[in-house]
Amino acid sequence: MPALDGLRALAIGAVLAYHLGIGWAGGGYLGVDLFFVLSGFLITTLLAAEAGVEGRISLRGFWSRRARRLLPALLVVLVALSVYAALAGRAGGALNPALLRNDGLAALAYFANWHFLAVHQSYFAQFSAPSPLEHTWSLAIEEQFYIVWPLLLAGVMAVAGRSWRRAALGLTVLLAWWSVGSMALVSHGAADPSRAYFGTDSRAFELLVGAALALVLANRPRWQPRRPAALRSAGAGSLLLLGAGWSLLSGPPAWMFRGGFLAAALLAAVLIASVSRPDLGPLGRLLSLGLLRWVGRISYGLYLWHWPLFVLVRPHIRSWPAPASDGMLVAATFAVAAASYHLVEMPIRRGALSGWRRLVALPAAIGATTAAVLVASVPVAPAVAAAPPSPGLPGAGGVVAGRVASPVTFGLPRLPTSADPLRVLVIGDSVMDDAEPGLAALLQSTGVVRVTNTAAPWWGLTQSRWQTDWPALIARVRPEIVIGTWGWDLAQARADPASYGQLLDRAVSVLRSPRNGVDGVVLLQYPRIGPHPGFDAATLAGEETARQAWNSVAAAEAAARPGDVSFLPVAGALEAHGRYSTWLPGADGRWSRARMIDDVHPCPTGAARLASAVESLVGPAWHLPAPAEGWWKGPWVHDPRYNDPPGSCPDDHPPLGTPPA
């Protein structure tokens with residue numbers, strides 16, 4: 001089936017373009033779906049053929065072949081990343097050793113998809129520090145399928161006898177529909193679709209669609225459709241529709257999880273059926289061209305190597321023009337993948353290891369790779385203290401004043417006391433969630449404030465069900481003040497400021513309704529985003545424009561409601577001389593990491609400075625007592641949020657008195 005190599009080439013091309021951030025490839029993630037359907041088709045074809053000839057399925061033989069096909073190249077990637085982490089990763093800061101340890105072991109165990117879900121790694125995260133092994137989630141799903149699927153087929157053969165193919169086809173269709181329902185169920189109402197995207201249960205239907213096609217065609221290697229021209233046309237049409245999806249989609253939109261991915265899988269199945277016959281037709285001959293077949297043959301290596309190279313190399317060539325940097329990354333990916341194919345993958349598949357060497361090679365290689373990952377990923381010490389905020393400067397950074405002239409903070413209808421503390425509710429996204437420990441520590445150290453946190457990753461007015469969630473929350477917490485900021489609405493604020501302003505005003509109106517009893521809402525200026533890996537200059541500029549749009553809408557809301565809404569220009573507390581800075585100085589002159597390695601979320605020092613900026617503006621207006629001495633070095637700096645994922649806030653500050661580059 002030579003044309004299937006051409007399909008692999010198209011699939012990997014879509015994935016590469018998507019991960020490069022090329023504008024016309026917003027739906028390139030669907031290349032993975034084509035890979036899934038292809039894998040289900042080919043694996044089931046091999047198993048059905050073996051069952052037809054031998055009358056049984058050799059599980060040991062099947063799993064041995066899969067191990068020889070998949071493991072060697074993966075082990076080389078893990079060893080290479082381990083060497084990089086040991087030699088250059090710590091100095092460059094591009095590879096977090098603790099991240100390598102956890103993600104590397106998960107990739108080695110083919111459990112990466114569930115691991116990323118457990119550590120809240122979003123495939124579509126707007127702001128995240130990308131793991132160089134994040135792409136192994138799809139390999140994990142395939143390997144889990146390779147383990148379970150032969151067992152199911154062998155069980156069906158044992159129960160159904162000669163009619164096992166018909167029984168297996170029925171089971172396949174049943175499981176596929178269950179998986180489609182699982183995707184729709186877990187994605188319904190979710191602020192982030194990663195659970196539906198990463199889950200083996202919710203993605204299995206794509207592999208099962210390919211498996212169903214293989215079972216339909218089993219024992220019909222030279223099958224001829226009644227209308228071959230119609231099938232060829234259907235195949236060409238399917239390719240055009242898939243190509244349109246690859247170029248026009250983005251997101252993905254919510255409807256993709258309610259049937260869209262199934263449609264893509266069915267189109268892939270029609271395409272495979274049309275080009276997997278001896279009579280290839282025009283499309284099959286096109287896909288069988290030598291160059292496409294060669295790209296398809298090395299597609300596994302291309303997939304393995306492209307993402308680590310993109311993540312680790314791109315930060316060093318950020319200043320290059322996009323065509324030059326993209327071309328260099330693609331060329332490097334092809335060079336390494338071709339070397340892997342010819343020097344590692346093919347020799348082992350052809351029997352370079354035989355006899356006793358084959359028996360010891362796999363466990364020895366896995367053991368050595370595990371050791372390399374563990375040795376290279378000894379974590380950098382996490383931050384255990386915040387630098388004290390700079391004294392005597394408004395906003396703890398000396399740059400807040402002047403951003404918005406004399407920000408007016410509303411007063412309170414009563415004087416808070418220790419017996420009846422001011423009830424403050426914190427709302428927002430992960431940036432607010434990571435800033436909350438410092439804000440809570442400062443405000444509560446006054447003895448007259450009690451803080452309740454509901455900020456969470458991916459939260460935004462356009463992302464959450466605040467209309468239905470807030471009434472019960474407010475009834476339980478009974479907040480007098482609501483404080484928050486969030487970045488998941490930045491794009492909406494930039495695209496349609498007027499419409500988003502109306503949405504924000506409706507939300508504030510709900511909080512300020514007499515039934516809820518909230519005295520005032522404090523909107524914090526959203527902080528500047530740093531140039532973290534994965535963001536080129538154009539993307540960063542777009543995010544800055546969107547950030548300014550959200551801040552402008554929030555400031556306008558405060559201006560329209562001066563008696564009950566305030567906008568605090570505190571983002572400068574996380575800047576040095578008006579510019580983004582990863583490290584910031586404290587009162588003792590010591591530089592300390594203020595942002596996590598993703599260049600977005602605050603570490604304890606950043607949280608302390610933001611908190612001090614907020615208190616300097618609201619404290620006098622609300623007649624709060626002075627914060628307790630040394631509040632900034634309390635137990636809150638050990639909050640697990642500052643080590644999620646592990647190593648997010650390393651103790652890597654510049655030497656005392658030395659400004660960071």
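The values are calculated or read from the model by the stated rules, or taken from the named source; none is laboratory data. Just so we're clear, the structure is a prediction, and the values are computed from it rather than from any experiment. Virtual Cβ from ideal backbone geometry, glycine too; neighbours counted across all protein chains shown. Note: areas computed on protein heavy atoms with side chains; ligands, DNA, RNA excluded. Shrake-Rupley method; radii C 1.70, N 1.55, O 1.52, S 1.80 Å.
Here are the numbers for the structure shown:
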{"read-out": "Qualifying position, being over 21 Å from the mean Cα position of the chain (by Cα), hydrophobic (A, V, I, L, M, F, W, C) and at pLDDT 95 or above, among V510, V522", "value": "V522"}
{"read-out": "Inter-residue pairs, beta-carbon under 9 Å, first over 15 Å from G155 (Cα atoms) and in the range 53-64, second of a type in the set (D, E), 6+ apart", "value": "G61/E50; F62/E50"}
{"read-out": "Filter pass, G161 being open to solvent by less than 40 Å² (accessible area, probe 1.4 Å) and within 23 Å of N113 (Cα to Cα)", "value": "no"}
{"read-out": "In the range 2-14, the residues that are more than 14 Å from G243 (Cβ to Cβ) and either of a type in the set (S, T, Y) or in a helix (DSSP H, G or I) (or both)", "value": "A3, L4, D5, R8, I12"}
{"read-out": "Residue list for the range 471-504, filter: in contact with a helix residue (DSSP H, G or I) (Cβ under 6 Å, 6 or more places away or on another chain) and either of a type in the set (F, W, Y) or over 23 Å from T539 (Cα atoms) (or both)", "value": "V482, G484, Y500, G501, L504"}
{"read-out": "Residues satisfying the stated conditions in the range 263-313, i.e. in a helix (DSSP H, G or I) and of a type in the set (D, E, K, R)", "value": "R285, R293, R297"}
{"read-out": "Residues that are at pLDDT below 90 and among the aromatic types (F, W, Y), drawn from the range 485-500", "value": "W488"}
{"read-out": "In the range 302-316, residue nearest to the chain's Cα centre (by Cα) [restricted to those that are closer than 20 Å to V344 by Cα and open to solvent by 20 Å² or more (accessible area, probe 1.4 Å)]", "value": "W307"}
{"read-out": "Residue in the range 586-593 that is crowded, with 21+ Cβ neighbours inside 10 Å, in contact (Cβ under 8 Å) with a residue 60 or more places away in the chain and of a type in the set (A, V, I, L, M) present", "value": "no"}
{"read-out": "Residues satisfying the stated conditions in the range 168-186, i.e. under 20 Å from the mean Cα position of the chain (by Cα) and crowded, with 22+ Cβ neighbours inside 10 Å", "value": "M183"}
{"read-out": "Pairs where the first residue, in the range 237-261, is within 15 Å of L34 (Cβ to Cβ) and the second is at pLDDT 90 or above and open to solvent by 30 Å² or more (accessible area, probe 1.4 Å), C-beta under 6 Å, 6+ apart", "value": "S238/L267; S238/V270; L241/L267; L242/L267"}
{"read-out": "Residue satisfying all of: in the range 373-391; open to solvent by 30 Å² or more (accessible area, probe 1.4 Å) and either modelled with pLDDT of 65 or more or within 24 Å of the chain's Cα centre (by Cα) (or both); nearest to L105 (Cα to Cα) among these", "value": "L374"}
{"read-out": "Residue in the range 33-44 that is within 30 Å of L241 (Cα to Cα), of a type in the set (F, W, Y), under 27 Å from the mean Cα position of the chain (by Cα) and open to solvent by less than 40 Å² (accessible area, probe 1.4 Å) present", "value": "yes"}
{"read-out": "Every residue from the range 1-50 that is touching a Gly at 6+ places or on another chain (Cβ under 7 Å) and of a type in the set (D, E, K, R)", "value": "D5, R8"}
{"read-out": "Set L117, L81: member being within 22 Å of S430 (Cβ to Cβ), open to solvent by less than 50 Å² (accessible area, probe 1.4 Å), at pLDDT 70 or above and hydrophobic (A, V, I, L, M, F, W, C)", "value": "L117"}
{"read-out": "All positions within the range 317-347 that are surrounded by fewer than 18 Cβ atoms within 10 Å (Cβ to Cβ) and in contact (Cβ under 8 Å) with a residue 40 or more places away in the chain", "value": "R318, S319, A322, A338, V344"}
{"read-out": "Any chance T409 is in a loop (DSSP other than H, G, I, E, B), touching a residue at least 60 places away in the same chain (Cβ under 8 Å) and polar (S, T, N, Q)", "value": "yes"}
{"read-out": "Only one of S274, S238, S250 that is polar (S, T, N, Q) and open to solvent by 30 Å² or more (accessible area, probe 1.4 Å)", "value": "S250"}
{"read-out": "Selected residue [over 16 Å from A554 (Cβ atoms) and open to solvent by 10 Å² or more (accessible area, probe 1.4 Å)] from W470, W459", "value": "W470"}
{"read-out": "Single residue of the range 448-484 satisfying the filter (small (G, A, S) and modelled with pLDDT under 95) that is nearest to W550 (Cα to Cα)", "value": "G460"}
{"read-out": "Yes/no for L231 being in a helix (DSSP H, G or I) and at pLDDT 95 or above", "value": "no"}
{"read-out": "Filter result for G460 (assigned to a loop (DSSP other than H, G, I, E, B), of a type outside the set (A, V, I, L, M, F, W, C) and under 30 Å from G542 (Cα atoms))", "value": "yes"}
{"read-out": "Filter result for L87 (modelled with pLDDT of 90 or more and over 23 Å from A212 (Cβ atoms))", "value": "no"}
{"read-out": "Qualifying residues in the range 582-591 (those that are part of a loop (DSSP other than H, G, I, E, B) and of a type outside the set (A, V, I, L, M)) - the one nearest to A613 (Cα to Cα)", "value": "G586"}
{"read-out": "Condition met for S299 (open to solvent by less than 40 Å² (accessible area, probe 1.4 Å), out of contact with any Gly (no Cβ under 7 Å at 6 or more places or on another chain) and among the small types (G, A, S))", "value": "yes"}
{"read-out": "Which listed residue, of G61, G52, is open to solvent by 40 Å² or more (accessible area, probe 1.4 Å) and over 22 Å from G296 (Cα atoms)", "value": "G52"}
